[in-house]
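Below is one structure, written out as structure tokens; the observations come after it.
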Ligand SMILES: Nc1nc2c(c(=O)[nH]1)N[C@H]1C(S)=C(S)[C@@H](COP(=O)(O)OP(=O)(O)OC[C@H]3O[C@@H](n4cnc5c(=O)[nH]c(N)nc54)[C@H](O)[C@@H]3O)O[C@H]1N2
Ligand SMILES: Nc1nc2c(c(=O)[nH]1)N[C@H]1C(S)=C(S)[C@@H](COP(=O)(O)OP(=O)(O)OC[C@H]3O[C@@H](n4cnc5c(=O)[nH]c(N)nc54)[C@H](O)[C@@H]3O)O[C@H]1N2
Ligand code: SF4
Ligand SMILES: [Mo]
């Protein structure tokens, strides 16, 4: 059997949760996965899995599986079971009439980092190539957009330079706004092992307003005030320079615009940054000295940096620090943004974001459009040059009545976008909401006019790319239940019903991969040397690029050849700005939101796994005793959190995990999982002007006991 490992029907896959991308061996009985184990041959996890991965078979026991299509005949009516033909006709009919009456930009396709790369590619081909709108985005907008923008600005391409293998060679870890213990547990194990083996040579610096379990392994923990990282990072660079930590030769030979950044450091002494960041000046100096003297430095970051109205600036400041110290393109070093979802990277590759086309191309580039049009066989000019609506702009476009049909697949925006009541109201205004999901009910599915049942992990074949550019094949191990279909087949059927059968007829998913692969030829992410056959034969997948006849590159920029016209990386001056939501007497506290180790996002899968629901049974709001006491808030008692947009209720956890002035809450429990309402009722939809990534990490709130 293809992909079979170790005999007896163990098939190879990848865990469908975080961007670590752990290798899994899975076995099915009667078409359902009943056993999984970590793949001992997979280089990422060497046989280990965290609890979420190890408990994957339990997700198939959920009673909430969406098994057949359903249609709501009229707004306000009930959803009634329908055949696939009826459901597809309804979707295609609505798209056709919206395009006829209002033009192609009245349609939006919203996908997900939980798609396979082939699904993304097909969604984009349909939207951008055939319907003729760039209104196709992914939930990676909420996750990776600031990093994509910053990598492109600095390197000329969206190319994460480092590999997980650099963990074992790094001497200093700068971990900023990342709770790796909870969100990338197997990577955390690797960092801990490096620290154990390296002894005093290894230093860990953690920057986070919350003293997470990740911070527990820190030699230096910096409880930064939320949103002030740019001030800290400018100051770190200032102090690194003072400590003699610049790599002058690297700056001179391989970068541009250092002088502007050097000039921008004036005034960013540790004393000044201490005021803004709430840190002690000495802590900043200490961190800078470690970075200056204890290389190689591996910088790891995620949402604490990116989900911000200064997300791009934070990312650029992190990259500047690596470039200025020569910590890039060599073992153990690099500015390395970890991806959150299992295939956030695949969407970046295949053109899943509104401004992009397959193979790191851009809709704004006339040559890129022409190349893609030619490859798809559509008339010149078919791909619009207008930028598409992003996920962050979708709500306003719905409110203005510009979007008539919204097709949501593998994401749950009513629960995961900021200011959820506004999102709900906006979706209710659409003429047709299509929700393609593996489960029902979900917060978004409740607003659907058409529900399309999707096959999920292990029920379909395809590829995903993890944080370190590693492409792996996920085999179909079991079968989809009921009438559920793989996402790519659903997309193909809608395309066929729209009259594009010829361009969307694929015998199997591998044909889609082969078509997509051609778009990478000659690009920085060239994978023309990759095939399903190769992926099936290898126990480790492939780290791009792997051009035909070439070799894969675990570490990029080793010769410091960047994808800019002159081959040099570019420094950019980051600007320090306050978060969008102002703290006032009425809203004096900063709410930071995040994740817990045993839940995944909006809980459609993990929420029904009993063993995962033991560690955190309900959402809490962490608050420092100094804030709780004057408000009369007691540990374990209910409280209300209100912002300028809305409120939710949860229990208080009074402890010293968060810094005074800051409260923290997990965002997993949406309206269907918690009577107190969703955390996203209060979060802010303001976004970074360059990346359009929303500021999910900062809301000015008031807290009161109930
Ligand atoms: N268990 C679990 N793992 C997951 C997921 C999950 O749902 N559950 N989701 C996956 C996905 S899609 C993603 S994107 C990743 C997210 O992974 P992470 O980004 O690591 O997770 P978060 O908890 O959202 O946020 C990380 C930290 O940012 C800190 N933070 C908030 N504001 C600031 C700030 O202004 N500055 C700094 N320096 N830090 C700040 C928070 O206190 C928090 O500890 O996790 C992935 N892994
Ligand atoms: N307050 C706050 N909000 C946040 C964040 C935060 O840190 N704070 N983080 C943001 C980030 S980084 C992210 S990535 C988002 C995540 O937010 P979402 O993407 O909305 O969350 P999920 O629960 O992962 O939604 C995935 C949906 O796809 C379904 N699904 C699973 N597998 C398949 C499949 O194979 N096919 C199909 N069609 N459906 C499938 C699931 O049942 C689920 O309904 O949340 C964002 N929202
Ligand atoms: S670390 Fe991430 S990829 Fe690995 S088993 Fe856990 S959730 Fe899955
Ligand atoms: Mo994410």
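We did not get these values from a lab; they are worked out from the coordinates using the rules stated. Computed from a predicted model, the values in this text were never measured in an experiment. Cβ: placed from backbone, ideal geometry, glycine included. Neighbour counts: every protein chain shown.
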Rounded if a/c under 1.5, otherwise prolate or oblate - the range 316-415, Cα gyration tensor axes: oblate
Evaluated at q = 0.23 Å⁻¹: base-10 log I(q)/I(0), Debye formula over Cα of the range 115-171: -1.03
Percentage of interatomic Cα-Cα distances in the chain larger than 40 Å: 27
Antiparallel %, DSSP beta bridges [both residues in the range 432-522], to 5: 45
Reciprocal mean inverse distance between Cα atoms of the range 589-705 - Kirkwood radius, Å: 14.6
Over the range 25-154 - Rg/Rh using Cα atoms and the Kirkwood inverse-distance radius: 1.07
Directionally averaged projected area (convex hull, Cα atoms, the range 158-261), nm²: 8.1
Cα coordinate range in the range 533-575, projected on the principal axes (Å, largest first): 46, 25, 14
Cα→Cβ-extended label distance, 7 Å offset, between residue 371 and residue 558, nm: 2.5
Over the range 225-298: Rg over Rh, Cα atoms, Kirkwood Rh: 0.98
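Cut-off is 10 Å between beta-carbons; in what order do 572, 673 appear when sorted fewest neighbours first?
Listing 572, 673 from fewest to most nearby Cβ atoms yields 673, 572.
Of all DSSP beta bridges in the range 393-486, what percent run antiparallel (nearest 5)?
Here the share of antiparallel DSSP bridges comes out near 30 percent.
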Least to most buried among 257, 13, 306 (fewest other Cβ within 10 Å first): 257, 13, 306
Span from the the range 437-461 Cα centroid across to the the range 375-393 one, whole angstrom: 26
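Dividing the Cα convex hull volume of the range 650-706 by residue count, how many Å³ per residue is that?
114
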Ratio of Rg to Rh over the range 11-61 (Cα coordinates, Kirkwood Rh, two decimals): 0.95
Helix-only mean residue ellipticity at 222 nm for the chain, each DSSP H run of n ≥ 4 adding -39500 (n - 2.57), per residue, nearest 500: -8000 deg cm²/dmol
Ranked list, fewest to most other Cβ atoms within 10 Å of each Cβ, for 225, 429, 52: 429, 225, 52
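Starting from the Cα gyration tensor of the range 145-336, take the square roots of the eigenvalues, sort them a ≥ b ≥ c, and report rounded, prolate or oblate (rounded when a/c is under 1.5, otherwise prolate if a/b is larger than b/c, else oblate).
Rounded is the answer for the range 145-336, as its axis ratio a/c remains below 1.5.
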Where labels lie 7 Å past Cα in the beta-carbon direction, separation of residue 548 and residue 73 in nm: 5.5
Average Cα contact separation per residue, the chain, under 8 Å, 6 or more apart, as relative contact order %: 20
Separation between Cα centres of the range 642-706 and the range 529-549, rounded to whole Å: 42
Approximate spin-label separation residue 362-residue 243, in nm, with each point projected 7 Å along Cα-to-Cβ: 3.6
Fraction of beta bridges assigned by DSSP in the chain that are antiparallel (%, nearest 5): 50
